[in-house]
Protein chains: 2
Amino acid sequence: MKYSKATNYALHTMVYLLTLPRNSTIGVQSLAEMQNLSPTYLSKILTKLAKGGLIESTPGVKGGYKVSKPKDEISFLDVIKTVEGDSNLFHCSMDHNEGCMIERVMTEAEQNMKDDLDNKFLIDIAHDMEEKNSNTIKGKANEGN
Amino acid sequence: MKYSKATNYALHTMVYLLTLPRNSTIGVQSLAEMQNLSPTYLSKILTKLAKGGLIESTPGVKGGYKVSKPKDEISFLDVIKTVEGDSNLFHCSMDHNEGCMIERVMTEAEQNMKDDLDNKFLIDIAHDMEEKNSNTIKGKANEGN
DNA sequence: GATATCAAAGACTCATGTTGTCCTTGATTA
DNA sequence: TAATCAAGGACAACATGAGTCTTTGATATC
């Protein structure tokens, strides 16, 4: 059991979009280059995010993508649910077994994870990234490069 | 992202094994029938559980499987880790990105789920099942069957 | 010791889902 | 009208899980 790569790409892309100035857009071309992906492939993931209401796209010359929700309201879970879907990880394999107690325990544990992910916001990661980058630059300067 | 069917079968089998009297064994044939599986297929899952130290097998005529740990010490996580492996659900897709903050958040949330699953014990499900079964029988009797 | 019953394990097929590409369509700006 | 962008369908490649078949080897019973 693993998260899909698409979720991985989506999370990284979203964090990056959050570091951009409000109302500025960026094309899939640039976004794809950063992660060594083909634009067409990343495009599909972005379309999913757009349908999920997390980002919005504008076609045409000055078009591209930008975040379409208040920047501090986007949780990890929002992105994951949009890309992976929101069905449960465990479904009882037995027939005629509604109310399976194993399933109940499994789903309850999963819910703990989801609750946590719904309280972790991408904007915090974006801020940390920006801080980290400025530190790196400062560090390089100090090393005499 | 989903749990494998093997995990599903393993959990159900383990719960059933816990309902059996101590030191009694049961063959893969019977276990497979209950879940409508082929014996050879379930056998592979059981072998995994045996290698993981959760059950033990004895070949030969009066052989079969039985639980090989104290019955109240087997957690959901024990079974899951044995069948699914214990690697993390999320691994950062970017190169040269040790300490990825997204990965950190994702893994922390996953850990919450695992902590929960490590504190839920199969023996409790087994007890509930036994109670449920006796209730069902009682219920049927009351209905005049 | 022969036989029946059990698990272990390798090789293999099949189904499914993810990943990724190619190409066309359609919208927007200049 | 041309250039630049996203959307989307069709398809190929790949990985993995699910499941079968067959052989091997250990144990108990007669």
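The values are calculated or read from the model by the stated rules, or taken from the named source; none is laboratory data. Keep in mind the model is a prediction, meaning the values are calculated, not measured. A quick note on method: Cβ atoms are made from the backbone with ideal geometry, for glycine too, and the neighbour counts reach across all protein chains shown.
Some observations on this one:
- Single condition residue A:39 does not satisfy, out of (1) of a type outside the set (S, T, N, Q); (2) touching a residue at least 24 places away in the same chain (Cβ under 8 Å); (3) within 7 Å of DNA strand D (Cβ to nearest atom): (2)
- Number of residues in the range B:100-128 that are of a type in the set (Gly, Ala, Ser) and at the interface with another protein chain (Cβ under 9 Å from one of its Cβ atoms) equals 1.
- The one condition from (1) within 12 Å of another protein chain (Cβ to nearest Cβ); (2) crowded, with 17+ Cβ neighbours inside 10 Å that residue A:46 does not meet is (1).
- Taking the listed residues B:66, B:44, B:51, the one that is among the basic types (Lys, Arg), more than 24 Å from residue A:103 (Cα to Cα) and within 16 Å of DNA strand C (Cβ to nearest atom) is B:51, with no other qualifying.
- Any chance residue B:1 is closer than 30 Å to residue B:91 by Cβ, within 11 Å of chain A (Cβ to nearest Cβ) and out of contact with any Cys (no Cβ under 6 Å at 6 or more places or on another chain): yes
- Whichever residue in the range A:16-36 is near DNA strand D (Cβ under 9 Å from one of its atoms) and hydroxyl-bearing (Ser, Thr, Tyr) and, among such residues, is nearest to residue A:122 (Cα to Cα): A:25
- Only one entry of A:97, A:88, A:8 meets the criterion of being within 30 Å of residue B:87 (Cβ to Cβ), modelled with pLDDT under 95 and within 12 Å of chain B (Cβ to nearest Cβ), and that entry is A:97.
- Tallying residues that are within 9 Å of DNA strand D (Cβ to nearest atom) and not hydroxyl-bearing (Ser, Thr, Tyr) within the range A:48-95 yields 12.
- Of all the criteria given as (1) within 8 Å of DNA strand C (Cβ to nearest atom); (2) surrounded by 14 or more Cβ atoms within 10 Å (Cβ to Cβ), the one not satisfied by residue B:60 is (2).
- Count of the range B:20-40 residues, restricted to those that are assigned to a helix (DSSP H, G or I), loosely packed, with under 15 Cβ neighbours inside 10 Å and touching a helix residue (DSSP H, G or I) at 6+ places or on another chain (Cβ under 8 Å), is 3.
- For the residues B:24, B:38, the requirement of being among the small types (Gly, Ala, Ser) and within 11 Å of DNA strand C (Cβ to nearest atom) singles out B:38.
- Positions within the range B:52-109 being assigned to a loop (DSSP other than H, G, I, E, B), among the small types (Gly, Ala, Ser) and either more than 21 Å from residue A:34 (Cα to Cα) or in contact with a Leu (Cβ under 7 Å, 6 or more places away or on another chain) (or both), in sequence order: B:52, B:53, B:60, B:63, B:68, B:85, B:87
- So residue B:33, is it acidic (Asp, Glu) and over 14 Å from the mean Cα position of the chain (by Cα): yes
- Residues of the range A:110-126 satisfying the condition of being acidic (Asp, Glu) and in a helix (DSSP H, G or I): A:110, A:115, A:116, A:124
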